[in-house]
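Peer 1: Attaching a single structure in structure tokens format; questions to follow.
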Amino acid sequence: MAETQPAQVSEERFLIHNLVKREPRAGLAEDVRRGLSSKPKRFLPKYFYDQLGSQLFEAICLLPEYYLTLAENEILEHYADEIVSSLDGNTTLLEMGSGSASKTRLIIEALMRKQPELLFIPVDISASALDSSSRILLQSYPQLKVEAYAADYFAGLTEVGKKPRARTLALFLGSNVSNFDPEEALKFLRALRQVLREGDALLLGADLKKERRVLEAAYNDALGVTAAFNLNVLARINRELGGNFDLRAFQHRAFYNEAVGRVEIYIESMRAQTVAISELEMEVQFGAGEHIHTENSYKYDLSDIARLAAETGFTPARTWLDRKQQFSSNLLLAV
Ligand code: AVJ
């Protein structure tokens, strides 16, 4: 009977540390100023994820063209038990970039088949996504505790590293690693390795290199959700920094740069125009066709992943693929 009743989400089981709220606009303001002053113009992908942006990303994950989420889900549905069987003893679950944490449920359930209780430590840039996903998880799982960090990856890892932990399984799912340049990926995995101990593990979800047609469809969906997700950065600057971007005068662009192995995402100015951003006391000129680089999404092959692991203190234990072999889930052991 007790299992069918919603668990009380007492604050005893839920702790959230908000490292983003301390200076809510300072980071965005300075990074937007810098990004719009540089040539070529650029933004950082973490600024996609305000409340609306996080929800647009959830919508992307439901698109038929965006095969990544479906493929990773398929892998976790098949292999979650096998994945967690590589860890001995009572395990804590750490997740970087947890978002809505819907795929995490499969790993949580697999761990709770092995152990009576579980501590889950999600780190995410979006405090709103963290708060709602944590509450939903706590409602579903009475034996779960959540200690959440609203923070960017590096600040989050620094905080997480201050506390000793039991055996840890770290998750970095959804090809979140895609946003890193090769050097940044090394830096991130080394920082993550630092908070782990020998015998801990990282489950790294990485999208695979494949035909241009499939990749470009995934980032140019027919409904225009990815375009809305991309242009929302301009809407966010309008809302939070008093900008006057005319969203109808900019368009979404995404294409596969095969030589570099990444999808590149831009916002293109459709005409020459000047945009004012009052809180930055700044006017920005755009030429017709000028681009703002908003995101890279690097694609991997299995040798790229093995190299990344070897250079960051991990050893690849196993890789699982979906049936169409579009996506990889890689279990890396901390050595
Ligand atoms: C969250 C970085 C994995 O690169 O596929 C999706 C972000 N951008 N559609 C990706 C994204 C446009 C996504 N990652």
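Peer 1: Amide H to amide H under 5 Å from residue 270: which residues, 5+ apart in sequence or cross-chain, H placed 1.01 Å off N in plane?
Peer 2: 250, 251, 289
Peer 1: Could I ask something else about it? Per DSSP helix of 4 or more residues, -39500 (n - 2.57); summed, then divided by the residues of the chain. What does that give at 222 nm, rounded to the nearest 500?
Peer 2: -11000 deg cm²/dmol
Peer 1: Kindly rank 165-171, 255-261 from highest to lowest mean number of other beta carbons found within 10 Å of each residue.
Peer 2: The packing order, highest mean first, is 165-171, 255-261.
Peer 1: A further question follows. Any idea what diffusion coefficient the stretch 105-200 gets from Stokes-Einstein, in µm²/s, Kirkwood Rh on alpha carbon pairs, 37 °C, 0.692 mPa s? Numbers along the way, then the final one.
Peer 2: Numbers: Rh = 14.5 Å.
It diffuses with D of about 226 µm²/s by this estimate.
Peer 1: What do you get for the angle between helix 127-140 and the principal long axis of the chain? Use alpha-carbon atoms, 0 to 90 degrees, nearest ten.
Peer 2: With rounding to tens, the tilt is 30 degrees.
Peer 1: Same structure again: By DSSP, what percent of the beta bridges with both residues in the chain are antiparallel, rounded to the nearest 5?
Peer 2: The answer is about 55 percent antiparallel.
Peer 1: Assign unit charges at the C-beta atoms only (+1 for Lys and Arg, -1 for Asp and Glu), then state the dipole size of the chain relative to its Cα centre in Debye, rounded to the nearest 20.
Peer 2: Values: 39 positive and 46 negative charges, 64 e Å.
In debye, rounded to 20, the chain gives about 300.
Peer 1: Under 8 Å for C-alpha pairs, at least 6 residues apart: give me the relative contact order for the chain, rounded to a whole percent.
Peer 2: Computed value for the chain: 21 percent relative contact order.
Peer 1: Under a point-charge model restricted to the Cβ atoms of Lys and Arg (+1) and Asp and Glu (-1), what is the dipole moment magnitude of the stretch 164-248 relative to its Cα centre, in debye to the nearest 20?
Peer 2: Roughly 240 debye for the stretch 164-248.
Peer 1: Tell me the angle of helix 225-241 to the major Cα principal axis of the chain, expressed in degrees between 0 and 90 and rounded to the nearest ten.
Peer 2: Roughly 70 degrees, rounded to the nearest 10.
Peer 1: Another question about this same structure. If amide H atoms are built 1.01 Å from N in the plane of the peptide, which residues on other chains or at least 5 residues away come under 5 Å of the amide H of residue 14?
Peer 2: So residue 14 has HN proximity to 146.
Peer 1: Right, something else. Taking amide H positions as placed in the peptide plane 1.01 Å from N, state which residues far from residue 92 in sequence (5 or more) or on other chains have amide H under 5 Å from it.
Peer 2: Placed amide hydrogens put 167, 168, 169 under 5 Å from residue 92.
Peer 1: Rounded to whole Å and sorted largest first, what semi-axes of the equivalent ellipsoid does the C-alpha gyration tensor of the stretch 230-279 yield via the square root of 5 times each eigenvalue?
Peer 2: Gyration-tensor ellipsoid for the stretch 230-279: 26, 12, 8 Å.
Peer 1: Using only the alpha-carbon atoms, how far is helix 67-84 inclined from the longest principal axis of the chain? Give it as 0 to 90 degrees, nearest 10.
Peer 2: Helix 67-84 sits roughly 20 degrees off the main axis of the chain.
Peer 1: Something else now. Can you run phi through the Karplus equation (6.51, -1.76, 1.60; θ = phi - 60°) for the stretch 169-174 and list ³J(HN,Hα) in whole Hz, with x for Gly and Pro?
Peer 2: Each residue of the stretch 169-174 in turn: 9, 9, 10, 9, 9, x Hz.
Peer 1: Could you rank the peptides 310-323, 269-282, 61-74 by their average count of other C-beta atoms within 10 Å per residue, with the highest value first?
Peer 2: Values: 310-323: 16.3, 269-282: 14.6, 61-74: 18.6.
Highest mean packing first, the order is 61-74, 310-323, 269-282.
Peer 1: Write down the Å³ per residue value for the convex hull defined by the alpha carbon atoms of the chain.
Peer 2: Numbers: hull volume 46.7 nm³, N = 335.
With only Cα atoms used, the chain gives 140 Å³ per residue.
Peer 1: Can you tell me how much longer the chain between residue 223 and residue 59 gets when fully stretched, taken as 0.36 nm per residue apart minus their C-alpha distance, in nm with one decimal?
Peer 2: Length gained, residue 223 through residue 59: 58.0 nm.
Every number in this text was worked out from the coordinates using simple rules, so none of it is lab data. As the structure is a prediction and not an experimental result, all values here were calculated from the model. Backbone-built Cβ (ideal geometry, glycine too); neighbour counts: all protein chains shown.
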